[in-house]
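Participant: Structure incoming, see below.
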Amino acid sequence: MKTRILEVRSLSKRFGGLTAVTNLDFDVFEGEILGVIGPNGAGKSTTFNLIAGAHAASGGEVRFAGEPILGLPPHKIAARGVMRTFQHNRPFVGMTVLENILVGAHTRFHMGVFFSKARNEEAQRRRRADELIEFVGLGDCRDADVATLSFGQGRLLEIARALAGEPKLMLFDEPAAGLAPAELERVAGVLRGIAARGIAVLLIEHDMHFLLPLAHRVVVLNFGAKIADGLPDEIRANPAVTNAYLGSHAPAR
Amino acid sequence: MRWLGAFVLLAALPFFLGDYHNDVYRKMLLWVTLALGYNFLFGICGQVAFSHFAFYGIGAYSVVILLFQLNVPLPLAIVLGVAVCIVVALAVAIPSTRLEGFYLALATLALAQLFVVLLNEGGSVTGGNGGIANYRLPDIFGVRIRGPWYTAVICALLVGTYALLWRLDRSWFGRACRAVRDNPEAAAAMGVDVARTKVIAFTLTSALAGVAGMVYAFVDNTVNPPIFGLDNAFLLLFMVIVGGAGRHAGAVIGAALLFLLPFFLSPIVGHHHVLVFGVLVVAAILLQPKGLIGLFDFMRKSS
């Protein structure tokens, strides 16, 4: 029996008169990739931002490792062990790849700056960061200024930076967006590797072709509500999903 | 060891200088110290504040008032002076860093103005327009520190400030500050408490300015209001921008250059050197946003 890491219950968000997310329920287990898909405007990103603490929810509950996290500010959610990436890469410019990743490890530093043990801690974190750089395949640009990275490399940096916080749950906001096919392969491989480490992965994605081969389970949103969930093959065969994506008169693929 | 070497070099020089040059040298060192602290706040943490000279003044006035009006012993006066700076800095920073944007700049602008008004209207406590004079540094263990020996105290202040900020910059705290400057939202997602990081950076650099002010109080053995006004706060900002914001070496170069420049310019342009500064700052922002240190890096790379 795998451990349940994230429980989302009756999560709702209204922006004025618009209901972006309605009574959403789902769970994420350790070592699993849960894909959340839906057409544009389905409430995927809103759901993501509610869990990450970037937006305040209108109702419902989110429990991480058994503790409620809804209403906590983003930095406290990160400190609990929930790390995220951004849909549009947000590197810390003017810092190297290594330094960016060390910022990701911020919550893992416990020594005051002027204690002698701080040196050991720093050295240890740098070794961990080097491992992560190798893991995502940025070994060639460890000391490069992040401004010199390609878009795809920037995405890998986002992932390594979030991993440095030693999360139990990782939230990915459309990690496939804007990537070339070869880069997609690489990101997919990295995501599988993360799940293989026992980390729970919540993957918000627009691109079904990227997500379905990758996810262990899939939740489908449309107009802010869950319209289906199940294994990728079940989702492929589900007419409600095809309708949501392609319209009800389109022939099933 | 490196720091000790730097200290010995800096402290040895004034023994070969005359009184006038020693005075210029001391003031340059104080400007460099202030620029280092301000660079940490503005260049590294990305927070715009105009209160650095107000804290310099709070440090200077507190130590003088505590020593000579309240007859507090020197070590206690230093501790209390730092405490006053920390309390004022927290009172300004905690409310204004909760809000995004220019609130810290506005609050510190108000503080800087208010402080000068308080000094001018402070009656016998602050000495009003004329400030306080006719005191001297109490003897320490029966020794009277003066002349080049007091310059050594300033050198210790500078090297100590540099070492402290250098260490901080290369730690998780320094990286958190840069992350807050570059992208606060991403910094928060990495677990950085953005408001707290800003408050700590502001309070720390303000306290450092206060300590520098205490040392300054015994350079001329007089403190008076004009020194601690906004003119100097803006000059400090210019120094950091011209030298290269975010780099310690940039702060040193910018401060030394803009402090010494008027001495060379005044025979040529009289008191219009501020005009030259204005042109320099605009040129730095337009042509070389990384400042002189950025220019230096560029030349070293291409040669």
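Participant: List the residues, sorted by chain then number, that are 5 or more residues from A:Val36 or on another chain and whose placed amide H is less than 5 Å from its amide H.
Facilitator: A:Leu203, A:Ile204, A:Glu205, A:Val219
Participant: Please compute the average number of Cβ atoms from other chains found within 10 Å of each residue's Cβ in peptide B:175-184.
Facilitator: 5
Participant: Just to be sure I understand: with springs between alpha-carbon atoms less than 10 Å apart, which residue in B:Pro289, B:Pro148, B:Pro75 has the highest mean-square fluctuation in the Gaussian network model of chain B?
Facilitator: B:Pro75
Participant: For segment B:246-254, in order, what is each residue's ³J(HN,Hα) by Karplus, 6.51 cos²θ - 1.76 cosθ + 1.60 with θ = phi - 60°, in whole Hz (x at glycine and Pro)?
Facilitator: Those phi angles translate into x, 10, 4, 4, x, 4, 5, 5, x Hz.
Participant: Over 21 Å between C-alpha atoms is what I'm after, so list which of A:Lys117/B:Lys198; A:Lys13/A:Lys226; A:Lys2/A:Lys226; A:Lys13/A:Lys44 land there.
Facilitator: A:Lys117/B:Lys198; A:Lys2/A:Lys226, as the Cα separations exceed 21 Å there.
Participant: Using all C-alpha to C-alpha distances in segment B:194-303, build P(r) with 10 Å bins and read off the rounded percent in each one.
Facilitator: All Cα pairs, binned at 10 Å, distribute as 13, 34, 36, 15, 2 percent.
Participant: A further question on this structure: Have a look at the DSSP beta bridges in the protein assembly as shown and tell me what percent are antiparallel, nearest 5.
Facilitator: Of those bridges, close to 60 percent are antiparallel.
Participant: Taking amide H atoms as placed 1.01 Å from N in the peptide plane, list the residues 5 or more away in sequence, or in a different chain, whose amide H sits under 5 Å from that of B:Gly246.
Facilitator: B:Gly43, B:Ile44
Participant: Next question. Looking at chain B, which longest stretch skips every one of the trypsin sites (Lys or Arg not before Pro) that is in a DSSP loop with at most 14 other Cβ atoms within 10 Å, leaving the sites themselves out?
Facilitator: Value returned for the longest uninterrupted segment is B:171-303.
Participant: Rounded to whole Hz and in sequence order, give me ³J(HN,Hα) for segment A:173-179 from the Karplus expression 6.51 cos²θ - 1.76 cosθ + 1.60, θ = phi - 60°, writing x for Gly and Pro.
Facilitator: Ordered by residue, 3J(HN,Hα) equals 9, 6, x, 8, 4, x, 9 Hz.
Participant: Specify which residue in the list A:Ala244, A:Leu157, A:Phe223 is farthest towards the positive end of the charge dipole of segment A:147-253, using unit charges on the beta carbon of Lys, Arg (+1) and Asp, Glu (-1), about the Cα centre.
Facilitator: A:Leu157
Participant: Report, to the nearest 10°, how far helix A:181-196 tilts away from the longest principal axis of the Cα atoms in chain A, using its own Cα long axis and a range of 0 to 90°.
Facilitator: 80 degrees
Participant: Tell me the volume per residue, in Å³, of the convex hull enclosing the alpha carbons of segment A:96-160.
Facilitator: Given the Cα convex hull of segment A:96-160, per-residue volume reads 77 Å³.
Participant: Between the alpha-carbon centers of segment B:242-290 and segment A:114-179, tell me the distance in whole angstrom.
Facilitator: Result: 38 Å between the Cα centres.
Participant: Between B:Gly229, B:Gly81, B:Gly122, which gets the highest mean-square fluctuation from a Gaussian network model of chain B, Cα cutoff 10 Å?
Facilitator: B:Gly122
Participant: Using the eigenvalues of the Cα gyration tensor, what equivalent ellipsoid semi-axes result for the protein assembly as shown when each is taken as the square root of five times the eigenvalue, whole Å, largest first?
Facilitator: Result for the protein assembly as shown: semi-axes of 55, 24, 21 Å.
Participant: Still on this structure, I have one more. Once phi is turned into θ = phi - 60°, what whole-Hz ³J(HN,Hα) does the Karplus curve with 6.51, -1.76 and 1.60 give for every residue of segment B:214-230, x standing for Gly and Pro?
Facilitator: 4, 5, 4, 3, 10, 7, 9, 6, 7, 10, 9, x, x, 4, 9, x, 6
Participant: To the nearest µm²/s, what D does Stokes-Einstein give for chain A at 37 °C and 0.692 mPa s, using the Kirkwood radius over alpha carbon pairs as Rh?
Facilitator: 173 µm²/s
Participant: Please list, in chain and number order, the residues 5+ apart from A:Ile199 or on another chain whose amide H is under 5 Å from its amide H, with Hs placed from the backbone.
Facilitator: A:Gly31
Participant: Within chain A, what is the longest stretch that has no chymotrypsin sites (Phe, Trp or Tyr not before Pro) placed in a DSSP loop and near at most 13 other beta-carbon atoms within 10 Å?
Facilitator: That would be A:116-253.
Readers should treat all values here as calculations from the given coordinates under stated rules, not as data from a laboratory. All values derive from a computational prediction rather than experimental measurement. Quick reminder, even Gly has a Cβ in these numbers, built from the backbone with ideal geometry, and neighbours come from all protein chains shown.
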